[in-house]
Structure formats: structure tokens, C-alpha cells
1. Do you know which residues across region A:79-92 are open to solvent by less than 50 Å² (accessible area, probe 1.4 Å) and out of contact with any Gly (no Cβ under 6 Å at 6 or more places or on another chain)?
2. Residue A:10 - would you say it is among the hydrophobic types (A, V, I, L, M, F, W, C) and within 12 Å of chain B (Cβ to nearest Cβ)?
3. For residues in region B:60-99 being surrounded by fewer than 16 Cβ atoms within 10 Å (Cβ to Cβ) and within 12 Å of chain A (Cβ to nearest Cβ), which is modelled with the highest pLDDT?
4. Name the single residue, out of those in region A:93-106 being open to solvent by less than 40 Å² (accessible area, probe 1.4 Å) and β-branched (Val, Ile, Thr), that is nearest to the other protein chains (Cβ to nearest Cβ).
5. Before we move on, is residue A:24 within 14 Å of chain B (Cβ to nearest Cβ) and either surrounded by 14 or more Cβ atoms within 10 Å (Cβ to Cβ) or touching a strand residue (DSSP E or B) at 6+ places or on another chain (Cβ under 6 Å) (or both)?
6. Go through (1) among the small types (Gly, Ala, Ser); (2) away from chain A (no Cβ under 11 Å); (3) at positive phi one by one and return the number of the condition residue B:2 breaks.
7. Inside region A:53-109, can you point out the residues that are acidic (Asp, Glu) and within 22 Å of residue B:36 (Cα to Cα)?
8. Sort through A:56, A:69 and tell me the only one that's without any contact (Cβ under 8 Å) to a residue 60 or more places away in the chain and either in contact with a Cys (Cβ under 8 Å, 6 or more places away or on another chain) or in a loop (DSSP other than H, G, I, E, B) (or both).
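The values are calculated or read from the model by the stated rules, or taken from the named source; none is laboratory data. Please read these numbers as outputs of a predicted model, since none were measured by experiment. Counting neighbours? That spans all protein chains shown, and the Cβs are built from the backbone with ideal geometry, glycine included. The protein model used for the area step is the full one, side chains on, heavy atoms only, and it has no ligands, DNA or RNA in it. Shrake-Rupley method; radii C 1.70, N 1.55, O 1.52, S 1.80 Å.
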Amino acid sequence: SQQGEEDPQALSIQEGENATMNCSYKTSINNLQWYRQNSGRGLVHLILIRSNEREKHSGRLRVTLDTSKKSSSLLITASRAADTASYFCATDYNDYKLSFGAGTTVTVRA
Amino acid sequence: NAGVTQTPKFQVLKTGQSMTLQCAQDMNHNSMYWYRQDPGMGLRLIYYSASEGTTDKGEVPNGYNVSRLNKREFSLRLESAAPSQTSVYFCASSDQGGTEAFFGQGTRLTVV
């Protein structure tokens with residue numbers, strides 16, 4: 001079964017607003033990653049946070065990790081139309097295989 | 001620098017036909033993956049290769065075989081295609097297991 005699960009399944013926001021999505025996972029991990037997928041394209045890596053880190057920033061992205069709750073959140077600040085995409089969390093498990101959740105679809109309205 | 005290249009991009013098969021999906025990476029990565037993506041299911045791992053000469057089953061390996069031909073290439077074979085294998089297939093690679101993965105553009109496969 002899949003390791004990660006994102007919430008919400010879909011999110012619609014106005015341009016300039018912040019978007020927050022969450023990821024919960026089942027077993028202990030070495031790291032957690034977030035990816036973006038534009039419609040009809042492959043996934044693109046956004047950020048990796050290690051199990052001993054609590055927060056990480058990259059540009060307009062902020063990721064938190066709470067290993068006690070087995071959860072992570074991705075915050076996109078000041079959203080743009082180009083942020084419209086599906087976002088996936090991925091965790092490593094069982095000899096470093098990467099497991100993905102079902103994703104959150106984000107729509108940014110102009 | 002091409003990254004991860006998958007061929008073909010689109011394919012239609014009849015039930016029972018066989019085919020091989022090709023994947024090659026030019027980043028000298030050790031680990032390679034095959035995933036399938038179905039609506040509402042996210043990506044599910046079919047097979048994984050930690051290094052040249054090794055392969056391991058993922059979450060949904062039934063009906064598939066793989067070959068890690070060399071460090072660059074990792075192919076996925078459907079011996080007898082079934083409609084349930086209609087999906088988008090992604091190949092990915094990473095320097096080592098669990099680190100940042102780079103994805104190909106996908107193969108959209110329809111089995112009729």
C-alpha cells in the first residue's frame with residue numbers, strides 16, 4: 001500500500017494567496033520529498049527534508065516535518081497562475097524505495 | 001543534457017500483445033524506478049533497481065518484468081498486456097535510493 005497520503009485532494013485559491021497542503025505517512029522515514037506535476041508532464045522535484053529537520057525553505061516554498069505525528073506540510077506563499085499543478089509527497093521506505101501519495105491538485109485563479 | 005528519456009511516448013496495444021518500454025538516463029545515477037500513474041491513485045512503484053544488475057519488486061509488480069541492462073538503461077516489459085495495464089508509465093532515476101528523483105516525460109499506454 002502507498003506510504004503517503006495528501007490532504008486536501010484539491011485546492012482552489014486566488015492568485016496572491018497562500019496554499020497549504022498536508023501529507024501523512026505510515027512508517028519511519030529517512031527523508032520526505034515534495035514534487036510538482038504539471039498537466040501531462042513528468043514530476044519535478046521541489047524540496048527534500050531529512051528526518052532530523054523540522055522546517056526547510058526554498059524560495060516561496062516552506063516545508064515542515066513532524067516525525068512524531070508522521071506528517072508534513074507544504075506551504076506555497078504568494079501563489080501565481082504558474083503554480084497550478086498537482087503536488088505529491090514522497091517518502092523513502094524499505095531499502096530506499098520512493099513511495100508517493102495520491103497528490104493534491106492546486107488551481108490558482110487569476 | 002537530456003536527463004531521463006522514455007520511449008515511446010504513446011502506445012496502443014491489443015490484449016495479449018507484448019511490448020517493452022525503454023528508459024535511459026545520462027546522469028550516471030545508480031537507482032532507477034518504474035511507476036504507473038492512474039487517476040486518483042498517484043504513482044505506484046512497479047519495480048526498482050538500486051544499482052546495475054539488481055532489481056526489486058515494488059507495490060504492483062504483477063504482469064511486468066524489468067531488465068537493468070547497464071547503468072544507463074532500465075526497461076519494463078509487459079509480456080501479455082491486459083486492459084488493467086492501461087496507464088501512464090514513468091521512469092525515474094536518482095543518485096541513490098531515496099534521494100531526489102528525476103522523471104521522464106511518461107509513456108501513455110492504452111490496452112484495448
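1. If we filter region A:79-92 for residues that are open to solvent by less than 50 Å² (accessible area, probe 1.4 Å), which is where we start, we get A:79, A:83, A:85-92.
Hits for region A:79-92 are A:79, A:83, A:85, A:87, A:90.
2. Details: among the hydrophobic types (A, V, I, L, M, F, W, C): yes; within 12 Å of chain B (Cβ to nearest Cβ): yes.
Yes; evaluated as a whole, the condition is true for this residue.
3. The selected residue is B:95.
4. Here is the first cut: in region A:93-106, the ones open to solvent by less than 40 Å² (accessible area, probe 1.4 Å) are A:97-101, A:103-104, A:106.
Imposing the further condition that a residue be β-branched (Val, Ile, Thr) reduces the set to A:104, A:106.
On the way: A:104: 10, A:106: 15 Å.
Across region A:93-106, the extreme among qualifying residues is A:104.
5. Working: within 14 Å of chain B (Cβ to nearest Cβ): yes; either surrounded by 14 or more Cβ atoms within 10 Å (Cβ to Cβ) or touching a strand residue (DSSP E or B) at 6+ places or on another chain (Cβ under 6 Å) (or both): yes.
Yes; evaluated as a whole, the condition is true for this residue.
6. Evaluating residue B:2 over (1) among the small types (Gly, Ala, Ser); (2) away from chain A (no Cβ under 11 Å); (3) at positive phi leaves (3) as the failure.
7. Narrowing region A:53-109 to residues acidic (Asp, Glu): A:53, A:55, A:66, A:83, A:92, A:95.
Result: A:92, A:95.
8. Details: A:56 fails: either in contact with a Cys (Cβ under 8 Å, 6 or more places away or on another chain) or in a loop (DSSP other than H, G, I, E, B) (or both).
Checking each option against the conditions leaves just A:69.
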